[in-house]
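In what follows, a structure is listed as structure tokens, so that the remarks can point back to it.
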Amino acid sequence: MIELTIFIILLLLVLIPSSYVLGKYISIHFLDDPLQKKTKLQMFFDKVEQPIYKFCNINPYKQMNGFDYFMALFSSNILISAFSFIVLYFQNKLPYTGGIKWQLDIPLILHILSSLITNTCQTHHIPELHLTHLSNYFIMPLLMFYSSASGIATGIVVMRGVTLSKIGNAYVDVIKAMTRILFPLSFLLCLIFVALGTPNTFKTSITYETLENIKQTIIIGPIAAFEAIKLLGENGLSCLNANSAHPFENPSYLSNFVQLVSILIVPFALIFTIGFWLKNLKQAIVILSVLVIVLIFEFTAVTYFELKGNPLINSALNLTSPNWVGKETRLGIVGSSVFEAAVSNVSGSANAALESFHPIINAFGLFNLSNQSVFGVQGFGTVFTINFILYTAFFIGLMLGKTPEIFGKRIEKNEMILSSILLLLNPLLVLVGVILTLIIYPDKSNNLYEHLHYYTQVFYEFASGAASNGSGLESLNDNTPYWNLSLATVMFLARYGAMASMILMGASLALKPVRTSSHPAFKTDTALFGFIFLFMSIMSTILIYLPFIILSPLAEVFMHG
Amino acid sequence: MTGIKVCMVTILLTIIYLASSVFFSTIVFNCNANGSLIKSNNKIIGSKLIGQEFSNPLYFHNRPSLNNYKNNISGNTNDAYYSKRLIENIKTNHINHKIKNFNSSPDLNLISESASGLDPDITYEGAISQIERISKLSGVTKDDLIKLLNKKAKPLVFGISGQKIINVLELNLELKQLYAKTH
């Protein structure tokens, strides 16, 4: 537990200052306030982007309305997937195969594309077996960059709508998200990862004879470049099957720490950006501290259960060992547990086998996947946080008998409808998916535990798909046409349904005037508001999901202790 | 039309990103960028980061692996926390370890699979539990082996403190040199 305390303190010490700086940076670059003098960095990026705007016929000063904004993001998402479909389908006829000649079937391609472009990055394929180097190290980063930029753009629209009176231009936001955040930061991160030991080369494999004269082949590639965007974009796709557990992807304890920082930095920064745009940093600190408290609680709980160890193994072998099963030695119990707790909220990568964790961690995971607001996936998580703030403000407003408002903007019917869609879309898709699957493919074993665990797996798979997270309990045999097609549909509907309602909600809020009164009905930047926000966020998730969580992972725990 | 052009720009930017990152990392950190390979007599014998299969009883052994440390597919068996198969496998590994190692008990780390199946390290305790076997079969004294272990063991947490872990390939390379000296 001392290690955990040090780990958390170090993490916050690194994360908070760096995300403060990044948040300030985002707030300046995505506002483009004509009254303020441009910084040197802004002028530099303006010069870089000018030829891009010219080439694409974009007028960067043209504002879009909500519907156009969504259609622009949606259509470009589809276009880039269509391009990737062609490359993936003909991958074995294209160069740079790295010795892989696998013909991908269409359901699997659809699943890969749907999971990548929606920033879910659920992996049903085995990268070392199914994907050529061209698909794996070029198409995947391409989609990850674009989906992550789309996520940031969506987040930015809602943040602008809530705090300012402006919508923006979809193409400008996406291009800015790439040129000003994702590419430069990924490049920096990539070099850091290489310094820590991750390979980065265009070679495809190295063969050698080991110390005992056995032939061993190492698959290699631009892994560091892949890692950087995978983590920064909160995608979590693996370029090698073991994901961040692979020694090449995550070579040391320190690199694990850096990975955790890079997963959390953008969502942290976006919360700070809200504070800068509201010109009320206290508001950002209130929101951030609520989310950080939830995160630290999960870190501690997961680490506690993993350090305690597996009771069945410990009693069978007469040991008192922490649970080493499915964990890497160099990352340690604490490093793996903290990472797992963080990624079930945020990204979907993994540095240990999720199956080998105590089932209570799956319960936490399912809670996070349905809540989605504890940092959440790139951009979208911030919107879910704002959504719960909206709910809290609405709730308090009704309790006080005043007109509900958020940051000086009235909350009316339109926003509440869109925000309810946002809240109910996820359970609708997940629960319908789980029920259909259990009817079509019931578990055939006669063991009660296996039944329960199958239910957990199915539930987790759909929840992670609908939450654009992408982690999964991997002993589910999920590379079948049924799983590929059903999850491709769920991910697609969940992502673009949410995206549409988010953007429309942001646009609708942006049109409202800000009423600055010296005596607002209630203040949103107090600890009390933070507490009610936490309560609302937890309660609304529990109301929807608790019965199902009790039936699956918690029942497993009650069976075995 | 604008959508297509934005996609084309993204493709171009990704190509620039990949090419420049590989270019710079090869120049600045050549060894790391190529996989941290270890050479012995000018021949590549492995990577510092990737575990190898050791079956020779004279060497230290790694953790069990689903694919026997073949790198073509990384991963593990993914048995669930309470599943019978997991408990049975670990029991079998425990018994096998005891038979091979003259009844010295291993820690859980050494008899359980890692997540990647390529874990290059074992814990200090795991290495200690193999000393009996190596010393009896090779004739090197236990004290010498423990000295070697202490030299190679690194603390887990940022290399500063915490439980000690050992890179098996580097350890076995030293051991090989030790054998060459004594014989």
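The values are calculated or read from the model by the stated rules, or taken from the named source; none is laboratory data. Values in this document were obtained by computation on a predicted structure and should not be read as measured data. For neighbour counting, all protein chains shown are included, and Cβ atoms are generated from backbone atoms with ideal geometry for every residue, glycine included. Note: areas computed on protein heavy atoms with side chains; ligands, DNA, RNA excluded. Shrake-Rupley method; radii C 1.70, N 1.55, O 1.52, S 1.80 Å.
Details
- For residue B:46, distant residues with modelled amide H under 5 Å away: B:38
- Length-normalised contact order for chain A - Cα pairs under 8 Å, 6+ apart - percent: 20 percent
- Counts of other chain beta carbons within 10 angstrom of each beta carbon in peptide B:102-112 average 4.
- The Cα atoms of the stretch A:434-561 define a convex hull whose projected area, averaged across directions, is 11.5 nm².
- The mean number of Cβ atoms from other chains found within 10 Å of a Cβ in peptide A:236-246 is 5, as a whole number.
- Selection of trypsin sites (Lys or Arg not before Pro), the stretch A:450-533, meeting DSSP coil and at most 14 other Cβ within 10 Å: A:515, A:523
- Basic side chains Lys and Arg get +1 at the Cβ, acidic Asp and Glu get -1 at the Cβ, and with that the dipole of the stretch A:86-214 about its Cα centre reaches some 600 debye.
- For the stretch A:464-474, putting each phi into the Karplus relation 6.51 cos²θ - 1.76 cosθ + 1.60 with θ = phi - 60° gives couplings of 6, x, 6, 8, 6, 9, x, 6, x, 8, 7 Hz, in residue order, rounded to whole numbers and with x for Gly and Pro.
- Among B:124, B:59, B:82, the residue with the largest mean-square fluctuation in a Gaussian network model of chain B, with springs joining Cα atoms closer than 10 Å, is B:82.
- Per-peptide average of other Cβ atoms within 10 Å, ordering B:136-143, A:230-237 highest first: A:230-237, B:136-143
- Dipole magnitude of the stretch B:36-182, debye to nearest 20 (Cβ charges: Lys/Arg +1, Asp/Glu -1, about Cα centre): 340 debye
- Here the Karplus relation 6.51 cos²θ - 1.76 cosθ + 1.60, evaluated at θ = phi - 60°, turns the backbone of the stretch B:25-42 into coupling constants of 5, 5, 6, 7, 10, 4, 5, 4, 5, 9, x, 6, 6, 9, 10, 9, 6, 6 Hz, with x for every Gly and Pro.
- Per principal axis, descending, Cα span of the stretch B:143-183 in whole Å: 37, 20, 10
- Residue-count net charge about residue A:159 - beta-carbon cut-off 12 Å; Lys, Arg +1, Asp, Glu -1: +1
- Cβ-defined net charge surrounding residue A:361, 15 Å radius [Lys, Arg +1; Asp, Glu -1]: -4
- Taken over the protein assembly as shown, the ratio of Cα radius of gyration to 2.2 N^0.38 Å equals 0.96.
- Given their separation in residues at 0.36 nm each and the Cα-Cα distance between them, residue A:402 and residue A:279 gain 41.8 nm when the chain is fully extended.
- Around residue B:109: net Lys/Arg minus Asp/Glu count, Cβ-Cβ under 14 Å: -3
- Take every pair of alpha-carbon atoms less than 8 Å apart whose residues are at least six positions apart; their mean separation over the length of the stretch A:421-561 yields a relative contact order of 32 percent.
- Of the residues B:161, B:21, B:105, the one that moves most in a GNM of chain B with alpha-carbon contacts below 10 Å is B:21.
- Applying the Karplus relation 6.51 cos²θ - 1.76 cosθ + 1.60 with θ = phi - 60° to the stretch A:196-208 yields 3J(HN,Hα) values of 8, x, 6, x, 8, 8, 8, 5, 9, 7, 10, 10, 8 Hz, where x marks Gly and Pro.
- Tensor-based shape of the stretch A:22-275 (alpha-carbon gyration tensor, a/c under 1.5 rounded, otherwise prolate or oblate): prolate
- Each residue was assigned an accessible area with a 1.4 Å probe, and for residue B:173 the value is about 40 Å².
- Across peptide A:218-227, the mean count of Cβ atoms from other chains lying within 10 Å of each residue's own Cβ comes to 5.
- Counting only lysines at least 8 places from residue B:84 when in the same chain, those with an alpha carbon closer than 27 Å to its own are A:308, A:327, A:444, B:70, B:98, B:100.
- Translational D in µm²/s for the stretch A:291-374 (Stokes-Einstein at 20 °C, 1.002 mPa s, Kirkwood Rh from C-alpha pairs): 165 µm²/s
- Each of A:310, A:85, A:286 was placed along the dipole of chain A (beta-carbon charges, centred on the mean Cα), and the one lying farthest toward the positive end is A:286.
- Based on DSSP H segments of at least four residues, each scored -39500 (n - 2.57), the protein assembly as shown has a per-residue ellipticity at 222 nm of -20000 deg cm²/dmol.
- Linear extension gain, residue A:296 paired with residue A:515, 0.36 nm per residue minus alpha-carbon span: 75.2 nm
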